[in-house]
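Some notes on the structure that comes next.
The values are calculated or read from the model by the stated rules, or taken from the named source; none is laboratory data. Values in this document were obtained by computation on a predicted structure and should not be read as measured data. FYI the Cβ positions are ideal-geometry reconstructions off the backbone, even for glycines, and counts take in every protein chain you see. SASA here: full protein model, heavy atoms, side chains in, ligands and nucleic acids out. Shrake-Rupley method; radii C 1.70, N 1.55, O 1.52, S 1.80 Å.
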Amino acid sequence: MEKEIKDYLAQFVKQSVAEDLGDGDHTSLSTIEVGAQGEAKLIVKDNGILAGVEVAQAIMSYIDETLACEVFIPDGSQVKVGDIAFYIRGNIQSILLAERLVLNVMQRMSGIATTTRKYVELLKGTDTEVLDTRKTTPLLRVLEKEAVKIGGGTNHRFGLFDMILIKDNHVDYSGGIIPALTRANDYRKKLNKPIEIEIEVRNFAELDEVLNFGEVDRIMLDNFSPADVAKAVKIIDHRFKTEASGGITFETIRAYAEAGVDYISVGALTHSVKSLDLSLKAKLL
């Protein structure tokens, strides 16, 4: 697991447990003998792509480092109803404390990975990559973007800090394509780190302005039809990377890829997925 995720998880688990625990898990404290040992198994109750196994291990370790986890199915695997992903053994009160957080995270991540994989499969045989967006659950972006990667997708920018992405509102507030690009390039020259510039265009007139100006890394074709994307890609002629965006669905994504665009960004990877049904079932030792 990458250091960035580990560092994030340490704080995430601390805050999540505090939110859930309050002044104590009074149900477990009142019904489970202190120090009692047990095990539980993670049962898959839906078909899809499993994600969040490594995150679940980290969560359990942060909650109680004596908990032992035996993994049978790793992240990114195709799973079906009835599969057992892992066993967890150790202090029962710790298992019960970890249970809901583990399930919430894994169900959400697995839903995202499953949806992402469906989009990726539709692009087989093309050179187009599926990108996620910033349309994520606040404070869960690290996990949700990791789930996209597990599903076979590609992460777009993580936040506002790792790319200059000039969208329609930036263009309108700036007074047009040329003022926006001029200011962005002046800013980039003064910035003490490498950073790419991407600009969104809404029509061929704006595309012409961008091409005449140059000095960008990627052009986003927003709400273009597949036919217009193909026309735009031909005009751009590999001078810049291209991205299609705007309401692209399972039914239309293949047509956009066949239009020759480099990337297709899909907000639905993270903003409206159905969680994968998972369950943690107890067993006494």
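Accessible area per residue of the chain at 1.4 Å probe, in Å²?
The answer is 51 Å² per residue.
Which of the trypsin sites (Lys or Arg not before Pro) found in segment 88-134 are loop residues per DSSP with 16 or fewer other Cβ atoms within 10 Å of their Cβ?
Counting only loop positions with at most 16 other Cβ atoms within 10 Å, the trypsin sites (Lys or Arg not before Pro) in segment 88-134 are LYS124, ARG134.
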If one compares the long axis through the Cα atoms of helix 226-236 with the longest principal axis of the Cα atoms of the chain, the angle in degrees, nearest 10, works out at 60
Compute the Kirkwood hydrodynamic radius of segment 93-251, taking the inverse of the mean of 1/r over all pairs of distinct Cα atoms, and give it in Å to one decimal. 17.7
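Pairs of Cα atoms under 8 Å, at least six residues apart: use those to get the relative contact order of the chain, whole percent. Please report the intermediate quantities before stating the final value.
On the way: 504 pairs, mean separation 65.7, N = 285.
The normalised contact order for the chain reaches 23 percent.
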About the Cα centre, charge dipole magnitude for the chain (Lys/Arg +1, Asp/Glu -1 at Cβ), debye: 180
For Rg/Rh (Cα atoms, Kirkwood Rh), with candidates (1) 1.03; (2) 1.08; (3) 0.97, the value calculated from the shown model is option (2)
With every protein chain left in place, what is the accessible area of LYS41 in Å² (1.4 Å probe, nearest 10)? 70
Grab the eigenvalues of the alpha-carbon gyration tensor for segment 181-285, scale each by 5, take roots, and send me the semi-axes largest first in whole angstrom. 36, 21, 10
For ASN47, residues with placed amide H under 5 Å, excluding near neighbours: VAL81
Listed residue (PRO138, VAL229, GLN93) projecting farthest to the positive dipole end of the chain, Cβ model: VAL229
Run the numbers on segment 129-285 and let me know its relative contact order in percent, using alpha-carbon pairs under 8 Å that are six or more apart. 25
With just the Cα atoms defining each centre, how far is segment 210-276 from segment 166-208? Give it in Å. 18
Quote the charge dipole size of segment 80-226 about the Cα centre in Debye, to the nearest 20; the model charges only the Cβ of Lys and Arg (+1) and of Asp and Glu (-1). 780
What's the angle, to the nearest 10 degrees (0 to 90), between helix 92-122's Cα axis and the longest principal axis of the chain? 30
Segment 48-168: Cα Rg divided by the 2.2 N^0.38 Å rule of thumb: 1.20
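Among bridges DSSP assigns within the chain, what percent are antiparallel (round to 5)?
55
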Protection proxy ranking, peptides 16-27, 246-257, average beta carbon neighbours within 10 Å, highest first: 246-257, 16-27
Go through LYS3/LYS283; LYS124/LYS189; LYS167/LYS190; LYS14/LYS281; LYS6/LYS283; LYS193/LYS274 and tell me which ones have a Cα-Cα distance over 31 Å in this structure. LYS3/LYS283; LYS124/LYS189; LYS193/LYS274
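Go through segment 31-138 and name the chymotrypsin sites (Phe, Trp or Tyr not before Pro) that are in a DSSP coil and have 15 or fewer other Cβ atoms within 10 Å of their Cβ.
Of the chymotrypsin sites (Phe, Trp or Tyr not before Pro), the ones in loops of segment 31-138 whose Cβ has at most 15 other Cβ atoms within 10 Å are PHE72.
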